[in-house]
């Protein structure tokens, strides 16, 4: 009898040990040396150890529902057939990543584009990055990666960028012009470099003519075809969604002025100047930064086609009312109000306002070409919105001598 009892306790103890072994044998892959270790490890703990299994089920569903990319992307979706451990390894690698450049090509969007594939037409992937706890974890990842890109450890590739003809380093203020890396103390400091002489390198077209609208920065410009509506008249259509201006402007008292109006998309590329300026003369009557998601645009092939026409006529802009963004409302007087909306897309997503626009309590005078703020490393977009019947052209008009493009370089 005693032997049977002893055997029973032995077997129960063995079972307990086996259960504990299963519970604690999970190998965590987050790199302790990674600048984003805290967020990546938090992701692992949320996936493996939380009592609520909903988050694990969500991520598993995301992997099970990966969608193949269009034929123009012959390499396909790199996440098909992958698992959660692959996501952790990917984030480890991304956390250290420093973009490189050569001629007309750079790797600034390498990890951004791969992560975009994760939630391409995948509702579970979008939910992961836009709802808790995934949204908070990925925002922590972005914040920690931003600290890395603010550090001296991020400077190793700057010399290569400055040596590239497309950077046009002669246009910029370099802390140490004799140093190969320009004397910049971080990649973000290089990325947000300032112009040496704006009037010389980026002169305004006919600055005294108030009816002229200027590009807000170095960018790819396209008209936005969506109807600008309020939430009550939102008209969903296949492929082209209505733009909800009230959501985009976070309920601003000026939002109704733009219903029925028109808009322009101004997309910044990684190698270009990343400060944004006022496209019109007038008074800034309202300015605000809206904290929101950094990821979740679910159809990047339609936003960044292989031909390079990013944000082309036909892209869906309605999703950006879910992203971190800011806005400036400029009262031009005769030409109505103009909304300038900088949007932070993917990774660091920093939207920085110049001090005089940080707390607008009364109208602040602004001239066309005056700097409003800047972005740090990551995807960047400026949307310009006009009142009805103030700017109706679907094409961008240029004058003699204006840049219309640049040659590809080796």
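The values are calculated or read from the model by the stated rules, or taken from the named source; none is laboratory data. All figures in this text were calculated on a predicted structure; none of them were measured in a lab. Here the Cβ is made from the backbone with ideal geometry for all residues, glycine too, and neighbour counts use every protein chain on show.
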Considering each residue of region 96-113, count those that are farther than 14 Å from residue 158 by Cβ and touching a residue at least 60 places away in the same chain (Cβ under 8 Å), and give that number. 8
Residues in region 248-270: is at least one touching a strand residue (DSSP E or B) at 6+ places or on another chain (Cβ under 6 Å), modelled with pLDDT under 85 and closer than 25 Å to residue 191 by Cα? yes
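In region 241-274, which residue that is assigned to a loop (DSSP other than H, G, I, E, B), out of contact with any helix residue (DSSP H, G or I) (no Cβ under 9 Å at 6 or more places or on another chain) and in contact (Cβ under 8 Å) with a residue 60 or more places away in the chain is nearest to residue 166 (Cα to Cα)? Quick ask: steps written out before the conclusion?
Filtering region 241-274 down to residues assigned to a loop (DSSP other than H, G, I, E, B) leaves 241-242, 249-254, 259-261, 269-274.
Those left that are additionally out of contact with any helix residue (DSSP H, G or I) (no Cβ under 9 Å at 6 or more places or on another chain): 251, 253-254, 260, 269.
Restricting the remaining residues to those that are in contact (Cβ under 8 Å) with a residue 60 or more places away in the chain gives 254, 260, 269.
Values: 254: 39, 260: 39, 269: 12 Å.
Among those that are assigned to a loop (DSSP other than H, G, I, E, B), out of contact with any helix residue (DSSP H, G or I) (no Cβ under 9 Å at 6 or more places or on another chain) and in contact (Cβ under 8 Å) with a residue 60 or more places away in the chain, it is 269.
With respect to residue 83, determine if the residue is assigned by TED's automatic domain parsing to the domain that holds residue 33, at pLDDT below 90 and surrounded by fewer than 17 Cβ atoms within 10 Å (Cβ to Cβ).
Working: assigned by TED's automatic domain parsing to the domain that holds residue 33: yes; at pLDDT below 90: no; surrounded by fewer than 17 Cβ atoms within 10 Å (Cβ to Cβ): yes.
It is false that residue 83 is assigned by TED's automatic domain parsing to the domain that holds residue 33, at pLDDT below 90 and surrounded by fewer than 17 Cβ atoms within 10 Å (Cβ to Cβ).
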Among (1) surrounded by 20 or more Cβ atoms within 10 Å (Cβ to Cβ); (2) part of a loop (DSSP other than H, G, I, E, B), the one test that residue 178 misses: (1)
Quick one: which residue in 31, 60, 51 is out of contact with any helix residue (DSSP H, G or I) (no Cβ under 7 Å at 6 or more places or on another chain) and modelled with pLDDT of 95 or more? 60
